[in-house]
Structures are given as structure tokens and as C-alpha cells.
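Read-outs throughout are calculated quantities, based only on the coordinates presented, and are distinct from any laboratory measurement. Treat the numbers as computed from the prediction; the structure is a model and nothing was measured. Here the Cβ positions follow ideal geometry from the backbone for every residue, glycine too, while neighbour counts run over all protein chains shown.
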Amino acid sequence: MNGLVPQFARATGLGGISPARTVQVIPYGISTTSHFLDTQGAAPALESRNEWRGGADAKLVLHDTYTLDAAIQPDFSQVESDEPQVTINQRFEVYYPERRPFFIENANYFLTPAELFFSRRIADPSLGVRFTGRSGQWIVGSVLADDRAPGAARPAGDPLAGTSAWNQVASVRREFGRESSIGFLATRRSFGSSSNQVVSLDSHWKLTPNWVLATQAMHSHTRGLDGTQVSGPGFVADMARDGKHVTSDTRYTDLAPGFDAKLGYIKRVDIRQLEEEFKYRWRPAHGPVEKYGPTLDGVYVTDHFGGLQEWKAGAGFRVEVAGPSELEVKHSVDVLRYEGVDFQKRVSSVELTTDHLHWLGLDALAQWGTDVNFDPAPGLSPFLANANGASVEMTVRPSPRLSLAQTWIYSGLADHGSVFDNVLLRTKLNYQFTRAFSLRAILNHSRVSRDATRADLDPERRIGVDLLGTYLLSPGTAFYVGYSDNLENLALDPGTPPTLRRTDIASLSTGRQFFVKASVLIHR
């Protein structure tokens, strides 16, 4: 069977159980003092604001089967910031996983082979409603939420300034047989006179204990603010095998040029893409090595006119030992077409992951090869250069109460000298003083250095501090005190109007906030 949980024994004798409480309400109040750099007005300016606001989360369980959740003026100030990722010189959008509790809970109700609902597209909701449940072999889910971010980004005087986008998602799934299902998903996002609708039909077939086939057919229709309309179909098929020695995955994706999923995470359209991954693992009966073996993978992409867009072939070898610890070496060749030019990339890597010591976790990666400069300086075309990358993620747990996580990431291009260098640092400390009281401290630092004659990048320096004290009496009843500050290498020069310029030191506070938040769980 696929995964660990499906192999658990079947639980029996648990019928007739009803939750003791069917209504929960968690009202909250928060007071904030903030100082920030406002760049949305006619001229950049430093602003200060004191604010008090409140909201509530509510949950209603209907007939022990369905759950209705609502969030009014949701606040996620206590949610941890995103893990660092390299975002410069990226051909496609970088993926950041969801962290907000309202969208994480029951997110699996809306999962399909293509990610048509990526909840981070809803950036700043003031209202959210979610309905989910299961009755027999039927599974249903829906989400309704607004988003104030598009209206906030419009300039003053724009008719849409201050208005919200509306987002709706609906899902229905029917299970049958053993781990097979057919589902329907629809999404809609509207803002002003513009709209985007996507409908899809997907299936999951458990063909044998080892083979699974997943398919999805979809279609989108988009209307722009200027009245233009575009539409297009899409299709995904994925055949996977999971066995003791052989694991394979073959995936085909076909997205028309007009396909667009505003609420989804789709890297690119106008593709016919075939992906293949094959793994073979030997499993010795004795000794510290649990399994080892090669991995082969490949990608072949064309557009809908048959033009080759990319092909990639890679090979690796992985060893896993008890502890657990893993060592993997890889090499790949990637030929991609960008702005009408074919580039041949080569990447080699070595990665070591270990949790052999209970108090220490380590993941170290080194990469070298070539890559494309996707952000050339004005007047230059994209070009191939030597690429180097490395990352170290280390977690130290000297005691059950204390954990310290350190992340270091480096990415750079060089061609007769450095084209750019990007360094990211993150230190996270968690200390549990008592069962109820904990402290979290995060320090982020990032730096971008570049040769302005070859790379069109800002020479950024950023320092971020995030402190959070939590007193959690019980789930839902909590008191938070938080402080955050973001410094950037900017200077605000006086004038008419004032102007911003880059400096060498991150000394200007572009977003400082202190908040006190309290919430209480009310149930019956």
C-alpha cells in the first residue's frame, strides 16, 4: 500500500461516539503599535499607527459529520514567519507553504493532482467560512473568503482602491472500492469586473496493492478588468508504483496557453510535459545499512506547437543507514529554452541528512555546476555562468525544554568574477519555561551582492527580528506578546518629494510592530 498509515490495522468497535461539544467560539482582541515605511502613497514616508481590533473564530459540528468554521477579522500575528528560500534569479515563482491555521485545517479536502487551490493566494482576508465533512463514502468541502490585498495595492483614486476580491472553492468526492475515488473541484476568484473560474474532475484508482493511477481534467475561463476573455483546458495523469525494491512515478501534464488558475499554484502553461522518476533500493538483511540504490529521473517539455522547451536527465545514488542518516549524490543535465535561446545546465550535488544523535539534527547540501542568469543587467541577454550553492540546517536540542535551529543558505553565479552572491541566515530559538509559557525568538539576515554591469538585482541587506511570548492555558485560550522589526539598507532623503536610496548598512526600520493579543475558548 502507498504510505504508512494505510497499512495500519482496521479500527473496530468505535461506533456511536459523539463529540461532547459541538459549538466553539474563540474571540480575540489585539492591540498593536507599529512604525513602518509606506511606499503606496505619492511619495515614500515613515508612518506610525496605534490600533485595537478584535475578531473571532467559530466552529460548529453538525450531526457529528459536518463542520462549519468561520473566521471574522482573522489575525495571524503569532504565526511563525516563512523559512528562508532563495528568491533571486528564479525562473518561476517560489513556493511558500501555508502556515495560517484557518487554511491549514482540513486542507486535504481540496487536494488534487494539480494544485488548483493554493490558499496563500488569499493574502489578507477579513472574512472566511469553511464547510467540510464526510458522510459514508461522500466527502464535501467548500471555502468562501474575501481578500483585501488587491484593493490595497491599487493607487489612490482608482475605483477599485479599497475593494476586496472574493474567493470561492467547492469540492465533492465519492470514494469506492479500496482507496479509489472520483472528485469534482471548482474555484472562482473575482475582483471588480474581472473573474477567473476553474472546474476539474479528478480520479484516484488503486489498481493493485502497488500501482496507483491519478488523473485530472480541468478547464478555466478568465475575464480581465478590460473585458478581454481567455480560456483553456488542462489535463494531468500520474501513474505511481510503490514497492519494496522498485518505486516509480510517471506524470504527464498538458496545459493550454489560455489555462489560468488564479487561486492555484501553476508554474507555467502552454506545455506538454512528461516526467519520470525510477528508484531501486537494495535492503540488506544485516548491518547498519537499511537500504541503498540508484535514482533516475527525467523531464521532457514541449509547447503546443511542438517546440522543445526543456529536457532534463538526472542520476543519483542514495544510502540510508539506521539512526537515521542518509547520504545522496546526484548529477543532472538540463537543456532549457529561454527567450529563444537554448541553455545547457549541469548540476552536481551532495546531501547529508542525519538524526543519529537525539539532540542534533543536521541537513547539509552542496551544489555546483552551471546556471542561467535570468536577471541580466540592462542591455545584456541572459547568459550561462558557473553556479554554486550550499545550505546547512542544524537543530540542537540540548534539553527537552530548549531547541535552537540554525539555517544558512548560499547561492551565487560567477563568470570571470562574481555575477551575484546571495546569503541567507536564520536563527530560531524555542524555550518552554513551563507547560503553559514559552518563548520564541527568530533572527533573519539576508544579503545580495551583485555586479551591476551584469545582474539587474538590488544590493539588498535585510535584518529581521521576531520575538513571541505565549501563555497557552489550553487550545484556544492564550495570551501573546510579540515584537518584530525589519531593517533594510535604505535611506529616506528629504526633498519634495522625499526619495529612497540604497546604503551599505541595514539601518532603516521598514516595519516595526509590538502587539498584545488575548483569546479565549468558549464552548458548549
For segment 136-291, the percent of all C-alpha pairs falling in each 10 Å bin, from 0 up to the bin holding the max distance, is 10, 27, 27, 19, 11, 5, 1, 0
Shape call for segment 348-464, from the Cα gyration tensor axes a ≥ b ≥ c (a/c under 1.5 means rounded, otherwise prolate when a/b beats b/c, else oblate), comes out oblate
Normalised Cα Rg of segment 83-157, dividing by 2.2 N^0.38 Å with N its residue count, works out at 1.38
For segment 277-345, the Cα-Cα pair-distance distribution in 10 Å bins from 0, as whole percents, is 19, 34, 22, 16, 9, 1
If each K or R counts +1 and each D or E counts -1, the residues other than Gln344 whose Cβ falls under 12 Å of its Cβ total 0
Rg from C-alpha atoms of segment 93-202, normalised by the globular rule of thumb 2.2 N^0.38 Å, equals 1.20
If every Lys and Arg gets +1 and every Asp and Glu gets -1 at its Cβ, then about the Cα centre the chain yields a dipole, in debye to the nearest 20, of 1500
Which of [x] 60; [y] 54; [z] 48 gives percent of Cα pairs over 33 Å apart as computed here? It is [y]
Restricting to Cα pairs under 8 Å and 6 or more apart, the percent relative contact order of the chain works out to 10
Answer in debye to the nearest 20: the dipole magnitude of segment 129-284 about its Cα centre, from +1 Lys/Arg and -1 Asp/Glu charges placed on Cβ, is 500
Given the candidates Ser418, Thr163, Thr510, the one whose Cα lies deepest towards the positive end of the charge dipole of the chain, counting +1 at each Lys or Arg C-beta and -1 at each Asp or Glu C-beta, is Thr163
For segment 26-176, the Kirkwood Rh over every pair of distinct alpha carbons, in Å, works out to 18.2
In this structure, among Lys267/Lys428; Lys59/Lys517; Lys206/Lys279; Lys206/Lys244; Lys279/Lys330; Lys262/Lys428, pairs with alpha-carbon gaps over 23 Å are Lys267/Lys428; Lys262/Lys428
At 4 °C and 1.567 mPa s, the Stokes-Einstein diffusion coefficient in µm²/s for segment 332-381, with hydrodynamic radius from the Kirkwood sum on alpha carbon pairs, is 93
Segment 291-404: spread of alpha-carbon positions along the three principal axes, whole Å, largest first, is 57, 36, 24
Normalised per residue, the volume inside the convex hull of the alpha-carbon atoms of segment 456-497 in Å³ amounts to 160
Segment 420-497 and segment 130-195 have their Cα centres apart by a whole-number Å value of 31
Taking 0.36 nm per residue of separation between Val333 and Ile72 and subtracting their Cα-Cα distance, the length gained on full extension comes to 89.0 nm
Quick shape summary for segment 429-521, equivalent ellipsoid via Cα gyration tensor, semi-axes whole Å in descending order, reads 38, 16, 9
Expected unfolding gain across Arg397-Thr503 under the 0.36 nm per residue rule, minus the alpha-carbon gap, is 34.3 nm
Given Cβ charges of +1 for Lys and Arg and -1 for Asp and Glu, the option among His304, Thr253, Ala315 whose Cα lies farthest towards the positive end of the dipole of segment 229-337 is Ala315
